[in-house]
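Working notes for the structure below.
The values are calculated or read from the model by the stated rules, or taken from the named source; none is laboratory data. Since we're looking at a predicted model, the values are computed, not measured. Positions of Cβ are backbone-derived with ideal geometry, glycine not excepted, and every protein chain shown enters the neighbour counts. Protein only, heavy atoms only, side chains kept; ligands, DNA and RNA dropped before computing areas. Shrake-Rupley method; radii C 1.70, N 1.55, O 1.52, S 1.80 Å.
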Amino acid sequence: QVQLVESGGGLVQAGGSPRLSCAASGSSFSVNTMAWYRQAPGKQRELVAAISSGGDTNYADSVQGRFTISRDNTKNTEYLQMNSLKPEDTAVYYCHAWIITYSDYKGREYWGQGTQVTVSA
């Protein structure tokens, strides 16, 4: 019923500042916490940033001060503004959200399909 779709990935030079977007679509749902995860080649998926429904944020140490997560509740969309990108930031970035629906009144997690971000030196 609910789908998360990321956009904004691609090839970027080191030091670049792309912005990722994730839009939740469907019917009769409410989005609670949203987050961005990433998975680099040969590595486990890790939390990059999270934002609560009230706007509280949390960041991984590796991106603190460089990335900013935000959300537009009127559009059910979250963003990840990435600044001063490093080659180490290369990964598939996944949108994650905890969503309440009529069928899942306690909510459950949803994942986007991921968007590749490749940072070249």
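Applying a DSSP loop filter and a limit of 13 other Cβ atoms within 10 Å to the trypsin sites (Lys or Arg not before Pro) in the range 49-90 leaves Lys75.
What is the sum of charges, Lys and Arg at +1 and Asp and Glu at -1, for the other residues whose Cβ falls under 14 Å from the Cβ of Tyr59?
With Lys, Arg at +1 and Asp, Glu at -1, the net is -3.
Cross-link partners for Lys86 among the lysines, with Cα-Cα distance under 26 Å and sequence neighbours closer than 8 places in the same chain left out: Lys43. A DSSP coil position with no more than 11 other Cβ atoms inside 10 Å describes the following trypsin sites (Lys or Arg not before Pro) in the range 11-56: Lys43.
Dividing the mean sequence gap of close Cα pairs (under 8 Å, 6+ apart) by how many residues the chain holds gives a relative contact order of 36 percent.
For Thr115, neighbours were defined as the other residues whose beta-carbon sits under 12 Å from its Cβ, and their charges (Lys and Arg +1, Asp and Glu -1) total +1. Taking all protein chains into account, the per residue accessible area for the chain stands at 54 Å² (1.4 Å probe).
In the chain, one over the average inverse separation of all distinct C-alpha pairs is 14.4 Å, which is the Kirkwood hydrodynamic radius.
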